[in-house]
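Engineer: Structure below; questions to follow.
The values are calculated or read from the model by the stated rules, or taken from the named source; none is laboratory data. Treat the numbers as computed from the prediction; the structure is a model and nothing was measured. A quick note on method: Cβ atoms are made from the backbone with ideal geometry, for glycine too, and the neighbour counts reach across all protein chains shown. These area figures cover heavy atoms from the full protein model, side chains too; ligands, DNA and RNA do not enter into them. Shrake-Rupley method; radii C 1.70, N 1.55, O 1.52, S 1.80 Å.
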Amino acid sequence: MKPCEASDKGTPRTYRRRFLTSSAISIIGDGATLAVMALATSIAGYTIVETGWILAASAVPKCAVLLWGGIAGDRYERRTLLILAYLLAGLAQIISGAILLFQGPTLLLILTQVIFGSAVAVSRPASTAYLPSVTTTEELASANSALTTASSVASTVGPLIGAVFVMLEIAPWALVADGISFIAASALLSGLPASRGTISKSTSTWAAVRSGSKDLLAVPWLVSEMCASAILLFMVTGPFLVLGPAAAAALGTPSLWPIALAVFGIGQIMGALLGGRVRHEAPVLKWASYGVAALALPPICLIMQWHPAWFVVAEAATGVALGFYTVTVTTAMQRAVVPGSLARVASLNAFISFSLLPASFIIAPLVASAVGVTAVFVGSVVGTVITMLLLLLSPSVRRYRWRPTEIPALKV
């Protein structure tokens, strides 16, 4: 089947709706897990260092398995691959929740999180490459906006659910709920159109990676974005996820963290809707790069010990910036890369971007114990500035515009 060609003839709206719903359902559970994971491990008696290892356990495979996931997304039928990955992720999260409930061994929890991270690593590039199969090429930007909006709605509801789990002192059940959401998401994907990339089963892994790398390097702005994302995730996202819950609680409001994440999700919805309304010839990547500055606001609030309300406002601004950034960068990549290589390019981009995140989960607590949490957050602010400058100093980022003829022809 030729996904884009079939879509251009009029893919039923039900296909797109079911795909977006499937993605949103799985992210509801992820949002709840993100809000309570660090707190759940602490309540269960795990140390902050063990918490860092547990978070890294799911993040490492998301990097290590991404390359294989991208190859699989261009080699095998993408819908089936997504269904299997969601089922595996769901089972892993259900078992992880059970381990936390019974305060099981740290190593066993790390193992289940490795399995969960591996499944997610396979699903991400396959999902990115599958989206053009359920929408028209002309509506790709709005489809990405709808996907990000649906994801943001889910991630807004997720932290609120997580807050309820925390208040009821049943935080480990958030992981069980996450697992169930993945299983439900897999069921929604059945019956959707098939979609396959261009790699033959006889092509070696190295040859597939090499050809995908050539397609990635052929897009200069994507290389700049990839390097900038790696810096941002290492210096800002990693420390914030590990140290943020405790630092936010220190402001005097125990439930501030999940509330802030919920507001962040609302901001993402606004940013995603804005990204979906961009017209041709707009300098979208330059606009998105300026928005990166908003990521420095939450660490600044924690450093200065400002009122919790300011922290919530900062999270909302960050959500708007990242929502717009996600839609514009994802759409630009889908338009600029040959569809048959899209899963590999998406996986390579994510692999480089996320390569330093697991190390950040481990290093941030160690650095904080040596020089203090404030010093780590100062580093996050510096990392945000470096990231924004790296993007804006790239001519290909500043000059990029939407172009109607940019989408390559699909050949499968």
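Engineer: If you stretched the chain out fully between Ile170 and Ala375, how much longer would it get, using 0.36 nm times the residue separation minus the C-alpha to C-alpha distance?
Structural biologist: 70.5 nm
Engineer: Using label points projected 7 Å from each Cα along Cα→Cβ, tell me how many nm separate Leu392 and Ala359, to one decimal.
Structural biologist: Going from the Leu392 label point to the Ala359 one covers 2.7 nm.
Engineer: Something else: Tell me, what HN-Hα J-couplings in whole Hz come from the Karplus equation 6.51 cos²θ - 1.76 cosθ + 1.60 at θ = phi - 60° for each residue of region 140-148, using x for Gly and Pro?
Structural biologist: 4, 4, 5, 5, 5, 5, 5, 5, 5
Engineer: Classify region 255-373 as rounded, prolate or oblate from the Cα gyration tensor: take a ≥ b ≥ c as the square roots of its eigenvalues, call it rounded if a/c is under 1.5, otherwise prolate when a/b beats b/c and oblate if not.
Structural biologist: Taking the square roots of the gyration eigenvalues as a ≥ b ≥ c, region 255-373 is oblate.
Engineer: Pop out the ³J(HN,Hα) list for region 268-278 in order, Karplus 6.51 cos²θ - 1.76 cosθ + 1.60 with θ = phi - 60°, rounded to Hz; leave Gly and Pro as x.
Structural biologist: Working through the residues one at a time gives 4, 4, 4, x, 5, 4, 5, x, x, 9, 5 Hz.
Engineer: Per residue, how large is the accessible surface of region 271-412? Use a 1.4 angstrom probe and give square angstrom.
Structural biologist: Each residue of region 271-412 exposes 42 Å² on average to a 1.4 Å probe.
Engineer: How would region 225-277 be classified by its alpha-carbon gyration tensor: rounded, prolate or oblate, with rounded meaning a/c under 1.5 and the a/b versus b/c comparison settling the rest?
Structural biologist: Numbers: a/c = 4.73, a/b = 1.25, b/c = 3.78.
It comes out oblate by the Cα gyration axes.
Engineer: Calculate, in nm to one decimal, what Ile43 and Leu101 gain on full extension: separation in residues at 0.36 nm each, minus their alpha carbon distance.
Structural biologist: 19.9 nm
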